[in-house]
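S.K.: Below are the structure tokens for one structure; questions will follow.
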Amino acid sequence: KGKMLRFFLALSGNQLAKQEKLISRIQGSSKDTLNIRKQVINAKWIREMVALDAEAIHTKINTPTLAIGGMKDLQCLPDDVEKLSKIVSSPIDTHLITDLTHILRRDPNKPSIQHYTTLAQEPVDDELLTLVTDWLLRH
């Protein structure tokens, strides 16, 4: 629930009460989608994500793992990379890339998902591609 809440907070400029109300509305619904602020929201998916026990899933990993985080990722926070390194029992390589966003592009500006449309026109970050390629060659 915490990760999803932080994601919604980032979307709204940290309006905590507003976001708690939004999540409560989604969790109180049994509909697959909801119309919120003139946008169709995949309510079923959000309820599933909020209910997911990611730590329990990650503790079961038994293969070499590569975890790359972006310092400007609003959906998978940079702290999550360190948390993974503590709960994954198999060998894990972790990296944090400066200015990297959730969509794997760098953004020198203040973190915001509103930049995603423009950033998506750019290629995936070169450093990320190098890290993945080198890791795959080693494994």
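The values are calculated or read from the model by the stated rules, or taken from the named source; none is laboratory data. Here the structure is a predicted model, which is why all the values come from computation and not from measurement. Quick reminder, even Gly has a Cβ in these numbers, built from the backbone with ideal geometry, and neighbours come from all protein chains shown. Accessible surface areas use protein heavy atoms only, side chains included; no ligands, DNA or RNA. Shrake-Rupley method; radii C 1.70, N 1.55, O 1.52, S 1.80 Å.
S.K.: Select, from Ile103, Ile68, Ile97, the only residue that is touching a residue at least 24 places away in the same chain (Cβ under 8 Å), over 21 Å from Asp53 (Cα atoms), open to solvent by less than 100 Å² (accessible area, probe 1.4 Å) and β-branched (Val, Ile, Thr).
M.R.: On the way: Ile103 fails: touching a residue at least 24 places away in the same chain (Cβ under 8 Å); Ile68 fails: over 21 Å from Asp53 (Cα atoms).
Sole residue among the options that is touching a residue at least 24 places away in the same chain (Cβ under 8 Å), over 21 Å from Asp53 (Cα atoms), open to solvent by less than 100 Å² (accessible area, probe 1.4 Å) and β-branched (Val, Ile, Thr): Ile97.
S.K.: Here's a follow-up. What helices (runs of 4 or more DSSP H), lying completely within the stretch 23-139, carry at least 1 residues that are polar (S, T, N, Q)? Full working, then the answer.
M.R.: Numbers: elements: 43-51, 54-58, 78-87, 116-119, 126-138.
Ranges flagged: 78-87, 116-119, 126-138.
S.K.: Follow-up question, since we're still on this one. If a residue must be among the hydrophobic types (A, V, I, L, M, F, W, C), open to solvent by 40 Å² or more (accessible area, probe 1.4 Å) and within 30 Å of Ser89 (Cβ to Cβ), how many such residues does the stretch 33-53 contain?
M.R.: Taking the stretch 33-53 first, the residues among the hydrophobic types (A, V, I, L, M, F, W, C) are 34, 36, 40-41, 43, 45-46, 49-52.
When the remaining residues are screened for being open to solvent by 40 Å² or more (accessible area, probe 1.4 Å), the result is 40, 45, 49, 51-52.
Going one step further and asking which of them are within 30 Å of Ser89 (Cβ to Cβ), we end up with 45, 49, 51-52.
Of the residues in the stretch 33-53, 4 are among the hydrophobic types (A, V, I, L, M, F, W, C), open to solvent by 40 Å² or more (accessible area, probe 1.4 Å) and within 30 Å of Ser89 (Cβ to Cβ).
S.K.: For the stretch 115-127, how many residues are more than 9 Å from Arg105 (Cβ to Cβ) and surrounded by 12 or more Cβ atoms within 10 Å (Cβ to Cβ)?
M.R.: 1
S.K.: Please specify each residue of the stretch 71-94 satisfying the condition of being among the polar types (S, T, N, Q) and without any contact (Cβ under 8 Å) to a residue 40 or more places away in the chain. Give the derivation first.
M.R.: Start the filter on the stretch 71-94 by keeping residues that are among the polar types (S, T, N, Q), which leaves 75, 85, 89-90, 94.
Those that are among the polar types (S, T, N, Q) and without any contact (Cβ under 8 Å) to a residue 40 or more places away in the chain: Ser85, Ser89, Ser90, Thr94.
S.K.: In the set Lys86, Lys110, which member is closer than 30 Å to Glu127 by Cα, modelled with pLDDT of 90 or more, out of contact with any helix residue (DSSP H, G or I) (no Cβ under 7 Å at 6 or more places or on another chain) and not polar (S, T, N, Q)?
M.R.: Numbers: Lys110 fails: modelled with pLDDT of 90 or more.
So the residue among Lys86, Lys110 that is closer than 30 Å to Glu127 by Cα, modelled with pLDDT of 90 or more, out of contact with any helix residue (DSSP H, G or I) (no Cβ under 7 Å at 6 or more places or on another chain) and not polar (S, T, N, Q) is Lys86.
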